[in-house]
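Before any comments, here is the structure.
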Amino acid sequence: TSWPLAKRLYRFLWNKRFSHRHLLKGLYALAQQVVSAERPKYLLIALDPVNFEKPYTRALEGVSTVMKATPPRGDGGKRLTSGYPAITATVVNLATPVITYANWFSYQSETFVSQPREVYRALRTTRALFPEERLCFLGDAGLDDQALFQQMQRFKASFIIRACHNRLIQVYARERHLWETHLLRDYATSLPAQATTRVLFRHAHRWRITEVNLAWFAFRLPETEQRLHAIVAYDPDEDRYLTLLTNLALRDAETALAVYRAWRFRPQIEHLYRFDQEDGLHIEDISVHTLERMRRVFILVLLAALFVYDLAHTGEPTLVLWLRHLGGKLGRKSDCDGPYILLAGIAMLGRRRRGMIYA
């Protein structure tokens, strides 16, 4: 029944004969197994820090002050709250996602150095797991950092990162045979469209299709003289520019479109985070008190999420369809699809089995 099962789980979390690193080895071995089975030409790895909120926590080990954007403050801005930061690196161009780095940490811990150091560890661990694979890291604006660009070069990895800083760049003017200095944002928004592509966007359970205009150019950073490329995507419906920085060579429209489409895989890591947090596995409801036990629960939740995704892809179709039907929907706008329905079906099956035991 539920109580003995909970006691077994707590004894597992309290066990001092192993650490969360043993669980990480299993998580990483799973990633190697899936990649070896699918044999992709390259790995698109979404690298993303995230903050988990514990708003009423004051005395737990290592509790930190973190910034959360959802739900926002009354004025729409980000807010400070109690919680814990974490970071994961997730392969997003496979049939099912796998994780190549995961860490739940604390700003108050003695082992914490800095968040850039955590990003460096993610790069190093991923390269150690896949020494021969072609790696391309996808990052949001928080990873727009010149030191990170150089680290990517050291690990022989490619990257596509959304630009955040309106930094100074140097663009080569062939007519005058010299490097001209510009502000990145001003130069990017002044370029004419060089290609267009139809894109399907989804936000807040709504879908829309629009023609996105693309432009691209090469530049170098004045401080390091590292040569990079930029893609500028203009969404006319939202009147919004997106600038992506990459160390991949953009020779023509075909390669530029390929890089932009690769970037479009990145939101999958956000879907996985939401599944971990909100109406899915509720990772923020952790009820253990030490940092080590929190890390164990964090890894177990990630494994549970991967199990649901894998079941949806490799499970017997009749079984998966039955579990989805068992999960059901209530006909509300807030109803979620995909892994949420499957998870609800698994939970319903567990409740039915416990009812049979009681009977």
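The values are calculated or read from the model by the stated rules, or taken from the named source; none is laboratory data. The structure displayed is predicted, hence computed values, not measured ones. Using ideal geometry, Cβ is built from the backbone for each residue, glycine included, and neighbour counts are taken over all protein chains shown. Please note that ligands, DNA and RNA were not included when accessible areas were found on the heavy atoms of the full protein model with its side chains. Shrake-Rupley method; radii C 1.70, N 1.55, O 1.52, S 1.80 Å.
Taking the criterion of being touching a Cys at 6+ places or on another chain (Cβ under 6 Å) and not small (Gly, Ala, Ser), would at least one residue in the range 43-54 satisfy it?
So the first thing to find is which residues in the range 43-54 are touching a Cys at 6+ places or on another chain (Cβ under 6 Å), and the list is 44.
From what is left, the residues that are not small (Gly, Ala, Ser) are 44.
Yes: the range 43-54 contains one or more residues that are touching a Cys at 6+ places or on another chain (Cβ under 6 Å) and not small (Gly, Ala, Ser).
Looking only at the range 291-313, which residues are open to solvent by 60 Å² or more (accessible area, probe 1.4 Å), under 27 Å from ASN93 (Cβ atoms) and in contact (Cβ under 8 Å) with a residue 60 or more places away in the chain?
Across the range 291-313, the qualifying residues are ASP310, HIS313.
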* Asked: Do we find a residue being touching a helix residue (DSSP H, G or I) at 6+ places or on another chain (Cβ under 6 Å) and free of Cβ contacts under 8 Å to residues at least 60 places away in the same chain anywhere in the range 269-277?
  -> yes
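Considering only the range 114-122, I want to know if a residue exists there that is under 14 Å from the mean Cα position of the chain (by Cα) and either buried (at least 17 other Cβ atoms within 10 Å of the Cβ) or at pLDDT below 90 (or both). Spell out the reasoning first.
Let us first name the residues in the range 114-122 that are under 14 Å from the mean Cα position of the chain (by Cα), namely 119, 122.
Narrowing the set further to residues that are either buried (at least 17 other Cβ atoms within 10 Å of the Cβ) or at pLDDT below 90 (or both) leaves 119, 122.
The answer is yes, given that some residue of the range 114-122 is under 14 Å from the mean Cα position of the chain (by Cα) and either buried (at least 17 other Cβ atoms within 10 Å of the Cβ) or at pLDDT below 90 (or both).
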* Which listed residue, of ARG227, ARG240, ARG220, is among the basic types (Lys, Arg) and within 25 Å of the chain's Cα centre (by Cα) -> ARG240
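Yes or no: LEU250 touching a Phe, Trp or Tyr at 6+ places or on another chain (Cβ under 7 Å) and either exposed (fewer than 13 other Cβ atoms within 10 Å of the Cβ) or in a loop (DSSP other than H, G, I, E, B) (or both)? Talk me through it step by step, then tell me what you get.
Numbers: touching a Phe, Trp or Tyr at 6+ places or on another chain (Cβ under 7 Å): yes; either exposed (fewer than 13 other Cβ atoms within 10 Å of the Cβ) or in a loop (DSSP other than H, G, I, E, B) (or both): yes.
For LEU250, the condition - touching a Phe, Trp or Tyr at 6+ places or on another chain (Cβ under 7 Å) and either exposed (fewer than 13 other Cβ atoms within 10 Å of the Cβ) or in a loop (DSSP other than H, G, I, E, B) (or both) - is met.
Just checking, does the range 278-285 include any residue being touching a residue at least 40 places away in the same chain (Cβ under 8 Å), assigned to a helix (DSSP H, G or I) and farther than 24 Å from VAL63 by Cβ?
no
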* Which one of these does GLN170 not meet: (1) under 19 Å from PHE265 (Cα atoms); (2) in contact with a Pro (Cβ under 6 Å, 6 or more places away or on another chain)? -> (1)
* Asked: Pick from the range 194-229 the residues that are charged (D, E, K, R) and in a strand (DSSP E or B): which of them is surrounded by the most Cβ atoms within 10 Å (Cβ to Cβ)?
  -> ARG220
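What about GLU133, is it touching a residue at least 12 places away in the same chain (Cβ under 8 Å) and within 30 Å of TYR101 (Cβ to Cβ)?
Working: touching a residue at least 12 places away in the same chain (Cβ under 8 Å): yes; within 30 Å of TYR101 (Cβ to Cβ): yes.
Considered against the rule, which asks whether it is touching a residue at least 12 places away in the same chain (Cβ under 8 Å) and within 30 Å of TYR101 (Cβ to Cβ), GLU133 comes out as yes.
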* Asked: If we keep just the residues of the range 274-290 that are over 20 Å from ILE87 (Cβ atoms) and charged (D, E, K, R), which is surrounded by the fewest Cβ atoms within 10 Å (Cβ to Cβ)?
  -> ASP285
* To do: Please tell me if GLU238 is acidic (Asp, Glu), more than 19 Å from GLN150 (Cα to Cα) and in a loop (DSSP other than H, G, I, E, B).
  => yes
